[in-house]
Amino acid sequence: MTRGRRYGLVVAADRLPPTDPDDAREPVDAALASLRPLVAAQSGAWAPACGRGTGEGVIGVAPPPGAAAAALGARLLHSLDHHQPADFPPGWFESYLSVNRRVAAAVASSAAGAATVWVHGHQLQLLPRMLRRLRPDLSIAVQLHCAFPPAETYARLPEHRALLSGLLGADVIALPHPRSVDNLLDLAGRVHGLPVRDGRIAAGHRGVRVVAYPLPADTAAVRRLAASPQVQALAARLRAALRVTGPVLLSVAGWDPADGVEQRLHAFERFLSRHRPAPGTVTLLHVACGQPRTPAEHAQRERTERLIAKINGGHASVGQAVVHYVRSDPDRRDLTALYLACDGMLATPTHHGAVAAAHEFAAAHGDPGATVVTSESSSTSGALPGAIVINPHDTVAYAEAVARAAGLRGPAPLARDTDPPVAPETWAQRLLYAVRARGAALPDAGPLPGPATTGARATRTRRLPAAPGHTRPGGHEPGWLPLAARRAAGR
């Protein structure tokens with residue numbers, strides 16, 4: 001833990017990323033870990049909301065009582081963003097607010113004059129507004145790595161005004177794709193009555209720029225790992241353990257229902273019923289990552305396991321499953337070995353979002369490419385030429401796509417990532433440039449340098465009248481509850 005120093009760059013996140021990106025077990029952790037050299041080169045520091053983490057360049061944040069409830073609230077916000085049921089427990093917002101207050105106090109006392117603060121994740125959505133009140137000299141960016149839902153979905157949350165007010169303390173809000181940008185602009189303009197124009201939200205005397213700036217797949221790192229003798233040896237052992245003579249299709253997902261695992265399994269079951277391949281000739285390897293945390297994720301695990309048991313019960317033979325199911329938490333080395341051990345990949349989320357795994361799978365196999373089935377709901381499906389693109393809800397078409405991927409309809413098509421890889425450091429520097437310029441040094445209607453675009457296709461300049469459903473988001477002082485929470489508490 002570092003005391004008494006001042007930092008020109010502070011990265012605030014829900015947890016401290018690993019020192020080595022190859023040790024990361026989630027794409028966001030891998031990306032943040034890749035930024036460690038950049039943060040160190042700029043004499044920066046990390047502020048983990050969880051309070052765990054020591055060493056040079058780590059700002060100590062003491063976790064308050066109820067920090068677990070705040071973490072659960074952040075996870076439920078993630079579920080809400082993916083159109084999933086989110087039953088928030090009583091008192092979650094007070095704990096969530098307390099965590100944000102403590103991080104705000106620590107960052108405000110450690111940031112140098114005119115420093116840049118980069119906020120990551122759902123656990124710190126109130127932080128930008130708090131820092132704006134405490135340190136108006138700071139340049140602040142917020143990066144949310146999953147989809148932002150439609151305004152009607154987000155507005156169901158009683159605390160949506162306070163959360164939007166928190167986000168609007170930033171200078172730049174970066175979201176994963178243009179549809180999320182449109183959703184946030186719609187929430188601010190139509191529901192909250194704030195002026196919105198050319199991808200900017202007027203928040204008082206400031207303009208908040210909202211951009212689509214997705215986290216890039218680190219394909220260069222995957223290629224490096226795929227060339228490692230240790231990773232190749234692990235891949236060979238995995239392939240031998242499967243005892244399959246034909247193609248192996250890979251499915252990697254967490255417990256978020258939006259990952260589309262159920263649709264994937266239903267399509268594979270239909271493929272087996274229609275084509276009846278002999279056991280051991282076509283296999284699906286499903287790797288379930290992490291642990292379920294929310295009620296919706298626990299229910300997803302039960303449905304997934306029942307469905308896998310049903311498929312194997314109907315189509316497997318003694319000693320030869322047709323769906324191999326592994327609950328694991330692979331790091332980047334293990335994940336790359338899985339890529340190499342398999343012949344094709346099913347990466348088909350049911351909601352709009354980026355699928356970095358599809359690009360990584362193609363990169364691991366190198367030239368001439370690899371067989372990948374992606375979802376038309378994915379914002380990156382068009383960026384992977386040669387991929388089989390399907391509607392994950394169309395079970396019949398999905399089953400035929402599985403047949404194509406398995407080579408039962410002729411040679412399986414090969415996908416190849418033709419875009420040059422974007423290094424995490426380059427991706428970060430482009431965003432930091434825009435933040436430090438307070439969004440003013442770049443054309444309003446132009447894209448952020450690199451793979452970003454603004455998502456506003458419509459221009460809204462009229463301030464909507466204050467009416468039910470059109471109230472401006474209320475601010476919150478670092479030491480006091482937002483208006484919505486005070487009303488709920490009877491204060």
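What to note about this one:
- Yes/no for P89 being in a loop (DSSP other than H, G, I, E, B), touching a residue at least 12 places away in the same chain (Cβ under 8 Å), open to solvent by 20 Å² or more (accessible area, probe 1.4 Å) and not polar (S, T, N, Q): yes
- Inspection of segment 349-366 finds no residue satisfying the criterion of being without any contact (Cβ under 8 Å) to a residue 12 or more places away in the chain, under 25 Å from G254 (Cα atoms) and open to solvent by 10 Å² or more (accessible area, probe 1.4 Å).
- Those residues of segment 275-293 which are of a type in the set (G, A, S) and open to solvent by less than 30 Å² (accessible area, probe 1.4 Å), in sequence order: G280, A288, G290
- Pairing each residue of segment 289-305 that is modelled with pLDDT of 85 or more with any residue that is β-branched (V, I, T), provided the two are 6+ apart or on different chains, yields C-beta distances under 6 Å for T304/V261.
- Scan segment 105-141 for residues that are in a strand (DSSP E or B) and open to solvent by 20 Å² or more (accessible area, probe 1.4 Å) and the total you get is 3.
- Verdict on P158 being out of contact with any Gly (no Cβ under 7 Å at 6 or more places or on another chain), open to solvent by 10 Å² or more (accessible area, probe 1.4 Å), touching a residue at least 24 places away in the same chain (Cβ under 8 Å) and in a loop (DSSP other than H, G, I, E, B): yes
- Residue identified as surrounded by fewer than 24 Cβ atoms within 10 Å (Cβ to Cβ), more than 15 Å from T116 (Cα to Cα) and among the aliphatic types (A, V, I, L, M) among L144, L168: L144
- Meets criteria (on the phi > 0 side of the Ramachandran plot and either open to solvent by less than 20 Å² (accessible area, probe 1.4 Å) or small (G, A, S) (or both)) for G314: no
- Close pairs from segment 121-141: first more than 16 Å from W46 (Cα to Cα), partner among the polar types (S, T, N, Q) and assigned to a helix (DSSP H, G or I), Cβ under 7 Å, at least 6 apart: L126/N100; R129/S165; M130/N100
- Qualifying residue in segment 375-395 (condition: surrounded by fewer than 19 Cβ atoms within 10 Å (Cβ to Cβ), assigned to a helix (DSSP H, G or I) and either at pLDDT 95 or above or among the aromatic types (F, W, Y) (or both)): yes
- Candidates in segment 216-274 are the residues that are touching a Cys at 6+ places or on another chain (Cβ under 9 Å), within 23 Å of S377 (Cβ to Cβ) and in contact (Cβ under 8 Å) with a residue 60 or more places away in the chain; of these, the one that is most open to solvent (accessible area, probe 1.4 Å) is V252.
- Among the residues making up segment 171-182, those that are under 19 Å from the mean Cα position of the chain (by Cα) and either farther than 15 Å from E152 by Cα or buried (at least 24 other Cβ atoms within 10 Å of the Cβ) (or both) are V172, I173, A174, L175, P176, H177, P178, S180, V181.
- The residues listed here are R25, R75, R52; of these, the one that is modelled with pLDDT of 75 or more, surrounded by fewer than 23 Cβ atoms within 10 Å (Cβ to Cβ) and not hydrophobic (A, V, I, L, M, F, W, C) is R25.
- Annotation: of all residues in segment 183-215 being of a type in the set (G, A, S) and in contact with a Ser or Thr (Cβ under 8 Å, 6 or more places away or on another chain), the one that is surrounded by the fewest Cβ atoms within 10 Å (Cβ to Cβ) is G193.
The values are calculated or read from the model by the stated rules, or taken from the named source; none is laboratory data. Since the structure is predicted, the reported quantities are computational estimates derived from the model, not experimental observations. Cβ: placed from backbone, ideal geometry, glycine included. Neighbour counts: every protein chain shown. Just the protein is used for accessible areas: all its heavy atoms, side chains included, with ligands, DNA and RNA removed. Shrake-Rupley method; radii C 1.70, N 1.55, O 1.52, S 1.80 Å.
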